[in-house]
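The values are calculated or read from the model by the stated rules, or taken from the named source; none is laboratory data. What you see is a predicted model, and the numbers here were worked out from it, not measured in a lab. In this analysis, Cβ positions are derived from the backbone assuming ideal geometry, glycine residues included, and neighbour counts consider all displayed protein chains.
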Amino acid sequence: MSWQTILAIGSGGFIGAVLRSYVNGLISNKLPHDLPFGTLGVNLFGSFIMGILIAYFMYTTLFPLHVKSFLTTGILGGFTTYSTFAIESFLLLESGSIGLALLNISLSAIGAVFMAGSGFYLAKYLIKPSLS
C-alpha cells in the first residue's frame, strides 16, 4: 500500500469520525428515544453513500486508488458505526429491552444492505446512460 493511500485512509477516517459524531448528535437530539436512531441513521446513510460510490467507481476511471480509499475506507469507514451499533444492541439486551434490541439489529442489518443496494442502483442508473 502506498503512502498516499495510507495518508488518504487516515485523514478520511478523521473526517468520517467527526462527521459521525456530529450527525449522530443531530439525529439523537431530534429523535430522542430508547432506540439509538442516531447510530441507525448514520449507518443507513453511510451504506447508501457507499453504494453510490462503489457503483460510480465501477463505471468510471476518474479517480486513483488513494482517492477511492479516502472516500470509502477512510470517510465512510470512520462515519459508519458498527462497533457502536454492537454495544448499543448489547446494552439494550442487557437492560431487558429485547424487543428494541431485535428491532435495532434488524433495522441496522437489513436497512444497511437495502440502502447500499439503493445507492448502488441509483448511481448505476444515473451513470450508465451517460456512458453510452
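Here are some notes:
- Number of positions in the stretch 74-114 that are in contact (Cβ under 8 Å) with a residue 40 or more places away in the chain and closer than 16 Å to Gly38 by Cα: 16
- Yes/no for Gly78 being under 25 Å from Ser2 (Cβ atoms) and assigned to a helix (DSSP H, G or I): yes
- Filtered residues of the stretch 81-122 (kept if in a helix (DSSP H, G or I), among the polar types (S, T, N, Q) and surrounded by 15 or more Cβ atoms within 10 Å (Cβ to Cβ)): Thr84, Ser89, Asn104, Ser108, Ser118
- Scanning the stretch 57-75 for residues that are in contact with a helix residue (DSSP H, G or I) (Cβ under 9 Å, 6 or more places away or on another chain) and not in a helix (DSSP H, G or I) yields Thr60, Leu62, Phe63, Pro64.
- Qualifying residue in the stretch 56-70 (condition: at pLDDT 95 or above and buried (at least 20 other Cβ atoms within 10 Å of the Cβ)): yes
- When Gly25, Gly38 are screened for being surrounded by fewer than 16 Cβ atoms within 10 Å (Cβ to Cβ), within 16 Å of the chain's Cα centre (by Cα), free of Cβ contacts under 8 Å to residues at least 24 places away in the same chain and over 25 Å from Ala123 (Cβ atoms), only Gly25 passes.
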